[in-house]
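The values are calculated or read from the model by the stated rules, or taken from the named source; none is laboratory data. Model, not experiment: these values are computed from the prediction. Glycine gets a Cβ as well: all are built from the backbone with ideal geometry, and neighbour counts include every protein chain shown. Keep in mind that these areas ignore ligands, DNA and RNA; they rest on the heavy atoms of the full protein, side chains included. Shrake-Rupley method; radii C 1.70, N 1.55, O 1.52, S 1.80 Å.
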Amino acid sequence: MFSTTDTIVAIATPPGRGGIGVVRISGPDALPIARRLITHQGELSPRHATFTRTHAIDQVVVTYFPSPHSYTGEDVVELSAHGSPVVLRAIVESAIAQAARLAEPGEFTLRAFLNGRIDLMQAEAVADLIDAVTPLQARAAFDQLEGTLTRAIADIDAALFDLVARLEASVDFPDEGYHFVEPATLARAVDDLLTRTSALLADARRGRLVREGLSIAIVGRPNVGKSTLLNALVGAKVAIVTPKPQTTRNRILGIRTLPDAQVVFLDTPGIHEGRSLINRRMVEVARQALGEADVVLAVIDASAGVTPADRELVAGLAALRATTIVVLSKRDRVGPPALLPLMATLGTLLPGGDIVPVSARTGENVPAVLDLVVKALPESPRLYPEDEYTTETQRFLVQELIREQLFLQTDEEIPYGTAVEVEEFTEKPERNVLVLRATILVDREGHKGIIIGKGGERLREIGRRARLEVEALFGLKVFLELFVRAEPGWARNARRLKELGL
């Protein structure tokens, strides 16, 4: 457990290269630590920018925000440097050498909450505003950050408190000959509070639609064809596909815009008995998507039959509020004599539910699934531009394409202890070139040689195939440098998993 009285430091801007990067220091020793990092000898004026140099390797602009008038409510110093990961990491390491502690993910916002600068709903709004992809989503998140929801709830709470006080006074002092609240007045006040609460709940439902849209979760066991189905439904390659189980590690969003609807699909990791930390996180992601979905596409591998795990999954779906559509995937591998009994079995497990045999590879019945999804969804606003098919970042897509080739080109035991980290993503439009540098992380030193291969042959082949995939995706020439680094224990380190987006 970390202490909330430590002085903490972290890079406050997104990973990667840019014109500017910001390092934030917060806590009781923020100012003296910052003073030891820079060459400026004078005082740092509160809320004034000071141009100076660090003892590391860069010029910086330093801004001091004294307590309590800062984001966290503590003393805060922000150092704006050039946005090189090397420079920013050097500043962070210098601060740690001066007794600061590396901040946990979200710890600056946690301290803002603990110090009374924001409430829990505003803390959630910070994440929503960062994640917003449309002006409407940003507006809704900003309103919540400004405290509009907090004030609305506080007004209802104050009115309820006043009514309760009056009612208790009437009960406690019945012989005083004075009614602290008249029955008719009480009835009107309660009706008004019910109306305001109902309006707030309706706004919450509309807010969820604005923030998340109507979502369709694609769930099932590992390797049943969920990602292939997502790509077929979206009409573009959003998720990577390999023959190996547990290829999908994240919740991946795909968007299909039709003439009469815009549909948001969520591909999820396979639901399985997760023993390791990374596997448990993957299953948690899938189950969370299930709980939030408006429609669930339960994917079952027709070529494998209805397994006990499939039965358990379908039985659990019956209790959800979401509409469930069962997709019998890999239809092209199964003939009608075997298919009909499978559909009959599923019909008994999910009475009245739609069951559609689909081949995502050939496209058979994919339009039928789309039709069923659209019919199951209520009308809602379109949140995304018509030509957008995913909200995943370009960096994430590159990372996944490299990982796909890693899975395809290596032996069975290697991929599950590996991850890909894209360290440079630089577009050079004047040359129509995208410059990438990425590192493949392995859990064991001995796995490096397997991935690199004899004379580097396997690593070059992974890089070549990944480069071609990235070029096809972005329509640019790609220069890709690929490295392998052993980082023992990364898959068991919760902080490292968060850094890798897992």
As an exercise, find the ratio Rg/Rh for region 378-464 from alpha-carbon atoms, using the Kirkwood inverse-distance average for Rh.
1.12
Any chance you could tell me what percent of the C-alpha pair distances in the chain go past 42 Å?
33
For region 211-265, what is the largest minus smallest coordinate of the Cα atoms on each principal axis, given in angstrom and ordered from greatest to least?
36, 22, 14
What FRET efficiency comes out for ALA165 versus ARG101 if R0 is 45 angstrom and r is the Cβ-Cβ distance? Round to the nearest 0.05.
0.45
Restricting the count to DSSP beta bridges whose residues both fall in region 355-502, what percent are antiparallel, rounded to a multiple of 5?
50
Please list the helices of the chain that count as membrane-span-like by this rule: a mean Kyte-Doolittle hydropathy of at least 0.0 together with Cα atoms stretching 27 Å or more along the helix axis, each helix being a complete DSSP H run.
148-172
Helix-only CD estimate at 222 nm, as mean residue ellipticity for the chain, using -39500 (n - 2.57) per DSSP H run (n ≥ 4)
-13500 deg cm²/dmol
Given a 1.4 Å probe and every protein chain left where it sits, what share in percent of the accessible area of region 301-418 is carbon and sulfur?
53
The percentage of the accessible area of region 63-123 (probe 1.4 Å, all protein chains present) made up of carbon and sulfur atoms, to the nearest whole number, is 59
Of all GluC sites (Glu not before Pro) in region 215-298, which ones are in loop regions per DSSP and have a Cβ with at most 11 other Cβ atoms within 10 Å?
GLU273
Put a dot 7 Å past each Cα toward the Cβ at LYS454 and ARG333; how far apart are the dots in nm?
3.2
How many lysine pairs in the chain, separated by 8 or more positions in sequence or lying on different chains, have Cα atoms less than 30 Å apart?
22
Fraction of accessible area attributable to carbon and sulfur, region 420-479 (%, probe 1.4 Å):
49
How far is the Cα center of region 393-432 from the Cα center of region 225-283, in Å?
17
With an 8 Å cut-off on Cα pairs and a minimum separation of 6 or more residues, tell me the relative contact order of region 265-317 in percent.
25
Output the relative contact order of the chain, whole-number percent, from Cα pairs under 8 angstrom with separation of 6+ residues.
10
Quote the accessible area belonging to ASP172 in square angstrom, nearest 10, computed with a 1.4 Å probe and with ligands, DNA and RNA left uncounted.
100
Roughly what % antiparallel, to the nearest 5, for the DSSP beta bridges in the chain?
55
Measuring from label point to label point, each 7 Å out along Cα→Cβ, what is the LEU110 to THR393 span in nm?
2.1
Of all stretches in the chain that avoid chymotrypsin sites (Phe, Trp or Tyr not before Pro) placed in a DSSP loop and having at most 13 other Cβ atoms within 10 Å, the longest is 179-502
Which value, in nm² and rounded to one decimal, describes the direction-averaged projected area of the C-alpha convex hull of region 298-448?
13.9
Normalised per residue, the volume inside the convex hull of the alpha-carbon atoms of region 414-502 in Å³ amounts to 96
extent check for region 403-447: Cα max minus min per principal axis, descending, whole Å, gives 42, 19, 13
Based on the Kirkwood radius over alpha-carbon pairs, what is the Stokes-Einstein translational diffusion coefficient of region 225-362 at 10 °C with 1.306 mPa s viscosity, in µm²/s?
102
First measure r as the distance between the Cβ atoms of VAL86 and LEU340, then evaluate 1/(1 + (r/R0)^6) with R0 = 60 Å and state the FRET efficiency to the nearest 0.05.
0.45
Take the Cβ-Cβ distance between ARG47 and GLU292 as r, set R0 to 41 Å, and report the resulting FRET efficiency rounded to the nearest 0.05.
0.50
Given a 1.4 Å probe, how much area per residue of the chain is accessible, in Å²?
50
Charge dipole of the chain built from unit charges on the beta carbon (Lys, Arg +1; Asp, Glu -1), centred at mean Cα; most positive-end Cα among ILE240, GLY42, LEU350 is ILE240
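For region 459-502, what value does the Rg/Rh ratio take when both radii are computed over Cα atoms and Rh is the Kirkwood radius, given to two decimals?
1.13
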Quote the relative contact order of region 1-96 in percent (integer), defining contacts as alpha-carbon pairs under 8 Å separated by 6+ residues.
33
For region 284-323, which trypsin sites (Lys or Arg not before Pro) pass both filters: DSSP loop (anything but H, G, I, E, B) and at most 14 other C-beta atoms within 10 Å?
ARG321
